[in-house]
Amino acid sequence: MSKTPAQRAAKHGDRAVPGKAVPPANPTVQRSPQQARSNANLIIIAGVVTVLFLFWYYHLLTLNQMTQLSGGLAMPDSLIGGYDLAYLESLRSAMDADALGQLSYLHKTAGLLFPLIFGFTWLLLIGQNTQRRTLRWVLWSAPLLFVIVDLWENVAIDAALGAAELTAGDAALAGGLTLARWILLGLSLLAAVAAVFSRRVGRPPELLAQQEG
């Protein structure tokens, strides 16, 4: 004899009742747009703090300490205006193999982490604050290019300083990448400011009044 729906439900639970929706075992937590934005802002804050720390550690601490191994000559990465063949030749003469190895190791550690974390943080920051897709991609171009140029610069400097014979082309490439790197870093900072400003300008006046109140 077949059982009634009530009897099947009592024995097997709601799964035995045809047509009755069964909630999933692990329902996904629904997040409001405000909660999602708040979580993204926390990630951005953590990323900015990490970027500031890495900038201090890489540019202001370790690269400065490397001058103790080069007779006081600054490392190529820290020269905002770039450098020429003569400067790299002087640096190669002043640094021995161990010193060049330490610089190369620095490029593979802090010199790798800084642009990657900077790029991720800036892409998220700009994306969170820019409504228009075209403007977002325009502003994204600066940090994206910065990451590419910075990583390429590390390879170019190591290749130039470690080459058996330094050529004018190697020096020009490394110096040009260093100059472009600093320019793109500055443009990335301006892009972040523009993104935050564009978000504020695009908000309705009543929303701005509520937030300021």
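Some points to look at:
- Selection from the stretch 42-88 of residues that are small (G, A, S), surrounded by fewer than 16 Cβ atoms within 10 Å (Cβ to Cβ) and assigned to a helix (DSSP H, G or I): A46, S78, A86
- Answer residue from the stretch 151-189, given it is more than 17 Å from H107 (Cα to Cα) and of a type in the set (S, T, N, Q) and is modelled with the highest pLDDT among those: S188
- In the stretch 136-166, the residue that is nearest to the chain's Cα centre (by Cα) out of those that are of a type in the set (D, E) and under 30 Å from A194 (Cβ atoms) is D150.
- Scanning the stretch 114-172 for residues that are surrounded by 18 or more Cβ atoms within 10 Å (Cβ to Cβ), part of a loop (DSSP other than H, G, I, E, B) and of a type in the set (V, I, T) gives a single hit, T130.
- Close pairs from the stretch 90-115: first hydroxyl-bearing (S, T, Y), partner surrounded by 15 or more Cβ atoms within 10 Å (Cβ to Cβ) and outside any helix (DSSP H, G or I), Cβ under 7 Å, at least 6 apart: S90/L73
- Scope the stretch 58-105; condition more than 25 Å from the chain's Cα centre (by Cα) and among the aromatic types (F, W, Y); matching residues: Y83, Y87
- Residue list for the stretch 89-113, filter: part of a loop (DSSP other than H, G, I, E, B) and closer than 21 Å to W152 by Cα: T109
The values are calculated or read from the model by the stated rules, or taken from the named source; none is laboratory data. These numbers were taken from a predicted model, which means no experiment stands behind them. Cβ sites come from the backbone with ideal geometry, for glycine too, and all protein chains shown count toward neighbours.
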